[in-house]
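Notes follow once the structure below has been shown.
Since every read-out is calculated from the coordinates, none of them should be taken as a lab result. None of these values were measured; they are calculated from a predicted model. Neighbour counts are summed over all protein chains in view; Cβ atoms, including those assigned to glycine, are modelled from backbone coordinates with ideal geometry.
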Amino acid sequence: MNRIALTLALMVVALAVRAEQSATDARQALFEQVEDGAEMLEKMINRRNMAESAEQAKELFLKVETLKTLFPEDSRGEGRSREKVWDNWTDFSSRLTALETAYQDAYQAASDSNFGLAKSAFEAADSSCRSCHMKYRSLW
Ligand code: HEC
C-alpha cells in the first residue's frame, strides 16, 4: 500500500471510531438530561404551573425522539447498553416511543391546563425508566 492510501485508510478508521464514540456519548449525555428534566417537570407539575410544565414536557419528548437515533448498529454493546438493545430492537424502540408518547401526553395535558392528566402522564413516563433499565442496561 502506498503512503497516501495508507493515510486515507487510517483516516477512515479514525472517523469511524469517533462516530461510534459520539453516538454512545451523545445518548448517555441525553439520558442524563432526561433524568434532570424529568425531576424538574415533576416539581413544575406539583406546583401546578401548567405553562412551565408544557414547555418542559415538550423539551423531554424532543430529547427522547433524538435518543431513538442514537443506537446505531455500530455502537452495539458500547456504554451500558446490553446487546439485547439491538437483538430486540422492536421491543426496545417501542419502549422509547412509549416514553416519548407519555411526555407528549403530558405536554398536551399541561397545555390544556389539565393538572390530573399531566400528572398521570408524568407517572406513566416515570414508570418506564426502571423496567427498561432492568432489561437493557448493564449494572456497571
Ligand atoms: C427504552 C429503554 C429505556 C428507557 C425507557 C429509559 N432508559 Fe435510561 N438508559 C437506557 C439504556 C440502554 C441506557 C444505557 C446507555 C448507554 O450507556 O449506552 C440508559 C442510560 C441512562 C442514564 C445514564 C446513566 C449511566 O450511568 O449510564 C440515565 C441517567 C438514564 N438512563 C435515565 C433514565 C430515566 C430518568 C428514564 C425515564 C424517564 C429512562 N432512563 C428511561 C434505557 C432506557
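Of all alpha-carbon pairs in segment 3-136, indicate the percentage at a distance above 18 angstrom.
58 percent
Could you count how many Lys pairs in segment 3-136 have their Cα atoms under 21 Å apart, skipping same-chain pairs fewer than 8 positions apart?
The result is 9.
Calculate for the chain the 222 nm mean residue ellipticity that helices alone would give, adding -39,500 (n - 2.57) per DSSP H run of length 4 or more and normalising by residue count, nearest 500 deg cm²/dmol.
So the calculated ellipticity at 222 nm is -27500 deg cm²/dmol.
Residue by residue through segment 59-75, which ³J(HN,Hα) values in whole Hz follow from phi under the Karplus form 6.51 cos²θ - 1.76 cosθ + 1.60 (θ = phi - 60°), with glycine and proline marked x?
Result, ordered by residue: 4, 5, 5, 5, 5, 5, 4, 5, 3, 4, 8, 9, 10, x, 3, 7, 9 Hz.
Along the Cα→Cβ direction, 7 angstrom out, place labels at Leu139 and Glu65. What is the inter-label distance in nm?
Label at Leu139, label at Glu65, 3.8 nm between them.
Pop out the ³J(HN,Hα) list for segment 111-117 in order, Karplus 6.51 cos²θ - 1.76 cosθ + 1.60 with θ = phi - 60°, rounded to Hz; leave Gly and Pro as x.
Going residue by residue, I get 4, 8, 6, 9, 4, x, 5 Hz, with x marking Gly and Pro.
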